[in-house]
Amino acid sequence: MKVEANARLVTIFVNSTDQWHGRPLYSAVVQLCQEKGIAGATVSRCVEGYGAGHKLHTVRLLELSENLPVRIEIVDLPERIEPLLLALEGMIGEGLVVVSDVHILRFLPNPKQ
């Protein structure tokens with residue numbers, strides 16, 4: 001069975017060393033999403049990137065490999081994303097948040113089979 005809907009995709013770019021109350025920020029964001037019942041959240045550690053400060057973070061340079069870019073992707077209906085964005089404002093000290101309107105296709109097992 002296929003379900004289609006308009007949704008919002010939130011992509012957050014932070015560093016792997018960013019902290020929130022003594023734990024990794026990316027982990028705290030995922031926990032917040034779970035607590036708020038958000039449809040899905042995924043964390044990806046990136047191998048290379050830079051932000052507004054143009055400082056390169058890469059696994060190619062041993063001394064920089066501890067501080068790598070992290071991408072957190074969150075998807076849900078717009079009315080569920082808006083309250084999440086307000087909560088994230090207090091958590092993200094430095095980073096980039098991109099919010100996109102998307103059309104999702106969700107494939108579910110057919111209950112009649």
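The table that follows gives values for the structure above.
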read-out	value
First in the range 17-35 and more than 14 Å from ILE92 (Cβ to Cβ) and open to solvent by 40 Å² or more (accessible area, probe 1.4 Å), second anywhere and at pLDDT 95 or above and of a type in the set (Val, Ile, Thr), Cβ under 6 Å, 6 or more apart	none
Residue ID - nearest to VAL29 (Cα to Cα), chosen from residues in the range 92-101 that are surrounded by 11 or more Cβ atoms within 10 Å (Cβ to Cβ) and modelled with pLDDT of 95 or more	VAL97
Residues within the range 78-93 that are part of a helix (DSSP H, G or I), free of Cβ contacts under 8 Å to residues at least 12 places away in the same chain and under 23 Å from ASN15 (Cβ atoms), tallied	2
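Every residue, every condition in (1) modelled with pLDDT under 95; (2) touching a Pro at 6+ places or on another chain (Cβ under 6 Å), yes or no:
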{"site": "VAL3", "(1), (2)": "yes, no"}
{"site": "ARG8", "(1), (2)": "no, yes"}
{"site": "GLY22", "(1), (2)": "no, no"}
{"site": "LEU25", "(1), (2)": "no, no"}
{"site": "GLN31", "(1), (2)": "no, no"}
{"site": "LYS36", "(1), (2)": "no, no"}
{"site": "VAL43", "(1), (2)": "no, no"}
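The values are calculated or read from the model by the stated rules, or taken from the named source; none is laboratory data. What you see is a predicted model, and the numbers here were worked out from it, not measured in a lab. For neighbour counting, all protein chains shown are included, and Cβ atoms are generated from backbone atoms with ideal geometry for every residue, glycine included. Remember, those area values only see protein heavy atoms, side chains included, never the ligands or the DNA or RNA. Shrake-Rupley method; radii C 1.70, N 1.55, O 1.52, S 1.80 Å.
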